[in-house]
Amino acid sequence: MKVKSGSFLEVFNYKDLLNQLVSRDIKLKYRRSFLGYVWSILNPLLVMIVMVIVFSKMFDRKIPHFPVYLFAGRILYEFVIGSCGKALGSITDNSALLKKTYVSKFMFPLAKITSSLVDCLFSLGAFLLVIIFTRSPFYWTMLLFPIVFFQAYLFACGMGFFLAQLHVFFRDTRYIWNAITTMWMYCSAIFYPISMLPDWLEFLVTYFNPLYVYISQFRSIAHTGTLPDPIIVGLGFAYAIVFFGIGTLSFKKNQDKFILYI
């Protein structure tokens with residue numbers, strides 16, 4: 001099948017290069033590190049321990065198995081925010097290559113997001129350790145985690161494409177993004193029960209915060225062992241598809257101008 005030049009599907013013509021970029025990002029992250037890939041498990045585990053110590057006194061009695069609740073939120077937050085942050089500078093960081101040869105520009109943010117997903121999947125090992133050490137129950141619903149992560153991945157791709165093309169023309173995007181992500185974290189009920197919020201704000205966060213939509217699904221299957229609300233699942237797919245469409249279209253529309261600004 002012939003793929004139109006500049007379209008997202010063109011990345012499949014460069015899948016070997018995409019694999020190399022993803023592999024490079026994963027290897028570079030822990031290059032010259034004594035523990036290497038063990039940090040993929042150890043790092044989120046250490047962060048979780050600190051946060052549990054800080055917040056457990058406030059919320060432990062209100063939330064059973066608080067470490068699992070906290071970690072479930074942190075995993076999705078770190079993946080979405082971290083991957084989008086890496087994708088943001090992916091075009092400008094590869095300006096030398098883009099000036100020398102033609103490749104699908106979609107590959108660079110896609111590689112950053114995909115490598116972040118691989119790193120996130122490694123961190124699930126730390127999540128399992130938390131469940132074991134806190135003697136939290138295992139649920140069969142945990143097997144449904146690929147559905148949640150697929151939604152989050154598609155959403156992150158859309159956000160990553162949009163941010164990457166925006167950063168080419170507006171370099172202050174990085175600083176604005178950092179401010180937004182801080183606010184986003186506090187609005188996603190990562191370390192506190194959402195029931196603490198006023199009713200109107202709880203409604204907005206539950207249904208109009210895409211990040212919390214994915215967090216709440218993962219908590220349902222991993223923390224409480226229940227199937228997510230079908231409405232929330234539908235919203236998760238809807239946000240993922242809409243943001244992927246917006247990000248892809250905006251990236252495709254502006255990619256021919258990148259060479260003039262990088």
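The values are calculated or read from the model by the stated rules, or taken from the named source; none is laboratory data. Because the structure is predicted, anything quoted here is derived from the model rather than measured. As a convention, Cβ positions derive from the backbone with ideal geometry for all residues, glycine included, and neighbour counts pool all protein chains shown. Heavy atoms of the whole protein, side chains included, go into the accessibility calculation; ligands, DNA and RNA do not. Shrake-Rupley method; radii C 1.70, N 1.55, O 1.52, S 1.80 Å.
Summary of values
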| quantity | calculated |
| --- | --- |
| Failed condition for residue 225, given (1) over 23 Å from residue 130 (Cα atoms); (2) in contact (Cβ under 8 Å) with a residue 24 or more places away in the chain | (1) |
| Test: residue in the range 54-63 that is over 24 Å from residue 192 (Cα atoms), surrounded by fewer than 17 Cβ atoms within 10 Å (Cβ to Cβ) and modelled with pLDDT under 85 | no |
| Number of the condition not met by residue 238 [criteria: (1) within 20 Å of residue 186 (Cα to Cα); (2) within 17 Å of the chain's Cα centre (by Cα); (3) open to solvent by 30 Å² or more (accessible area, probe 1.4 Å); (4) not polar (S, T, N, Q)] | (1) |
| Qualifying residue in the range 124-134 (condition: under 17 Å from residue 236 (Cα atoms) and outside any loop (DSSP other than H, G, I, E, B)) | no |
| Among residues of the range 94-113, those that are of a type in the set (Ser, Thr, Tyr) and open to solvent by less than 30 Å² (accessible area, probe 1.4 Å), counted | 2 |
| Every residue from the range 198-246 that is in contact with a Gly (Cβ under 7 Å, 6 or more places away or on another chain) and among the aromatic types (Phe, Trp, Tyr) | 214, 243, 244 |
| Qualifying residue in the range 97-106 (condition: of a type in the set (Ser, Thr, Tyr) and assigned to a helix (DSSP H, G or I)) | no |
| Test: residue in the range 114-124 that is over 16 Å from residue 19 (Cβ atoms) and either of a type in the set (Phe, Trp, Tyr) or in contact (Cβ under 8 Å) with a residue 60 or more places away in the chain (or both) | yes |
| Residue that is nearest to residue 261 (Cα to Cα) [pool: residues in the range 138-165 that are part of a helix (DSSP H, G or I) and open to solvent by 60 Å² or more (accessible area, probe 1.4 Å)] | 162 |
